[in-house]
Amino acid sequence: MFTEVPYSTETAARETLEQVMADALSKSGSNRSAVRAVCLAVSGVNHPTDQQRILSWLRDIFSSHVKLYVQNDAVAALASGTMGELHGCVLIAGTGTIAYGFTEDGREARAAGAGPILEVRKKFMELSPFELWVFKFSSPF
């Protein structure tokens with residue numbers, strides 16, 4: 001299940017997000033009242049509670065007429081490679097890994113994308129095959 005984020009970490013993330021958006025609007029010569037939609041593709045958004053947390057931050061920043069979308073960054077990667085059609089599969093491998101896909105009828109599936117859980121235990125490369133097997137079957141993802 002979802003792990004609670006320490007208050008200071010959550011506050012810092014929220015303030016950083018707000019500052020980055022304010023800077024982008026300022027540099028574009030615009031302001032919040034001109035915004036019609038906000039779409040964030042964020043690494044680590046792995047559960048509906050993650051989405052709801054960020055959506056609530058955005059709702060505090062923008063007026064109610066602004067459309068808000070928050071997804072895992074893998075969804076944006078897939079959309080960018082399929083010209084916006086969410087049909088197919090994307091695999092991301094770097095400091096973390098995730099495979100994410102959608103069928104033509106909109107069903108979705110994912111594997112991995114649990115970086116914070118693995119980082120708490122050990123570095124990924126130090127896990128034994130047994131530890132990975134246990135993680136696979138005990139993970140809520």
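The values are calculated or read from the model by the stated rules, or taken from the named source; none is laboratory data. Quick caveat: nothing in here was measured; it's all calculated off a predicted structure. Don't worry about glycine lacking a Cβ; one is built from the backbone with ideal geometry, like all the others, and counts go over all protein chains shown. Side chains included, ligands, DNA and RNA excluded: accessible areas come from the protein's heavy atoms. Shrake-Rupley method; radii C 1.70, N 1.55, O 1.52, S 1.80 Å.
Observations on the model:
- Of all residues in the stretch 94-110, those being more than 15 Å from T82 (Cβ to Cβ) and open to solvent by 50 Å² or more (accessible area, probe 1.4 Å) number 7.
- H87 vs. criteria open to solvent by 80 Å² or more (accessible area, probe 1.4 Å) and modelled with pLDDT of 90 or more: no
- Filtered residues of the stretch 52-83 (kept if within 10 Å of the chain's Cα centre (by Cα) and over 13 Å from R14 (Cα atoms)): V70, Q71, N72, D73, A74, V75, A76
- Of the residues making up the stretch 10-28, one or more are modelled with pLDDT of 90 or more and either in a loop (DSSP other than H, G, I, E, B) or in contact with a Leu (Cβ under 7 Å, 6 or more places away or on another chain) (or both).
- Residue match in the stretch 35-44 (condition: open to solvent by less than 80 Å² (accessible area, probe 1.4 Å), of a type outside the set (K, R), at pLDDT 90 or above and over 21 Å from A76 (Cβ atoms)): no
- L86 in contact with a Phe, Trp or Tyr (Cβ under 7 Å, 6 or more places away or on another chain) and not polar (S, T, N, Q): yes
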